[in-house]
Amino acid sequence: MILLDTIPTLESDRLRLRLLKLEDAPALFDYFDKEEVLQYYDLAPFQRIEEAEQLIQIWNKRTTDKQGIRWAITSKDNDLLIGTIGFHNLSIENNRAEIGYDLHPNYWNKGYITEVISTILAFGFNTLKLHRIEAFIDPAHHASRKVLHKNGMQTEGVLRDYFFEKGRFVDAEMLSIINR
């Protein structure tokens, strides 16, 4: 597995993936304050813009520390953040990473997440030389499962009470794709 010192800008047909900036905090806050966005996320809805700033700093530090990569998702037409996507839980010794993403609800059901997942899967396999890319979702999150299946990921099973989130244990459905 190859780890990078900087986050490269990637492009798909309609979207650009770039480094997250503190200037993105208002746009991130604009949807991380919504319960429907964080329903399957391990965070409570944000109350203050500082929470968005802190999350951006955490994601960028993980990149600096070579523990993950998180990109801002923007339209090619403008530089406004509409979501984020990236790799976390990097395992160098196992050439493995976990994918995670979020998107402002104004952009749901337009194929954007399918598009950017495809882009970073190719980057993960071709540039980072990952062997396996995983995703953990709530088994009730049918939209996320559908988009991951569209990108060739296969469900491996459900891990019962795998995460402790928002004061309770929750199951995790594990999906993966292997670079063959």
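So how far, in whole Å, is the C-alpha centre of the range 1-72 from the one of the range 103-180?
16 Å
Mind checking which lysines have their C-alpha under 25 Å from LYS110, skipping anything on the same chain fewer than 8 residues away?
Cα-Cα hits under 25 Å: LYS21, LYS34, LYS76, LYS146, LYS150.
If packing is taken as the mean number of other Cβ atoms within 10 Å per residue, what is the order of 4-10, 115-121, highest first?
Per-residue Cβ counts within 10 Å, averaged per peptide and sorted highest first, yield 115-121, 4-10.
Tell me the relative contact order for the chain as a rounded percent, counting alpha carbon contacts under 8 Å between residues six or more apart.
19 percent
Could you tell me the largest-minus-smallest coordinate of the C-alpha atoms of the chain on each of the three principal axes, in descending order and whole angstroms?
Per principal axis, max minus min of the Cα coordinates gives 40, 37, 32 Å.
How far apart, in nanometres, would the label points at LEU22 and HIS141 be if each is projected 7 angstrom from Cα along the Cα-to-Cβ direction?
2.9 nm
Suppose each label sits 7 Å from its Cα in the direction of the beta carbon; what would the LYS129-HIS88 distance come out to in nanometres?
That separation, rounded to one decimal, is 2.7 nm.
Under a point spin-label approximation (7 Å from Cα along Cα-to-Cβ), what is the TRP108-GLN47 distance to one decimal in nm?
A separation of 2.5 nm, rounded to one decimal place.
First select every other residue whose beta carbon is under 15 angstrom from the beta carbon of ARG48; then total the charges, Lys and Arg +1, Asp and Glu -1.
Summing Lys/Arg as +1 and Asp/Glu as -1 gives -4.
No value in this document is a laboratory result; all are computed from the given coordinates. Please read all numbers here as calculations on a predicted model, not as lab measurements. All Cβ positions, even for glycine, are placed from backbone atoms using ideal geometry, and neighbour counts span all protein chains on display.
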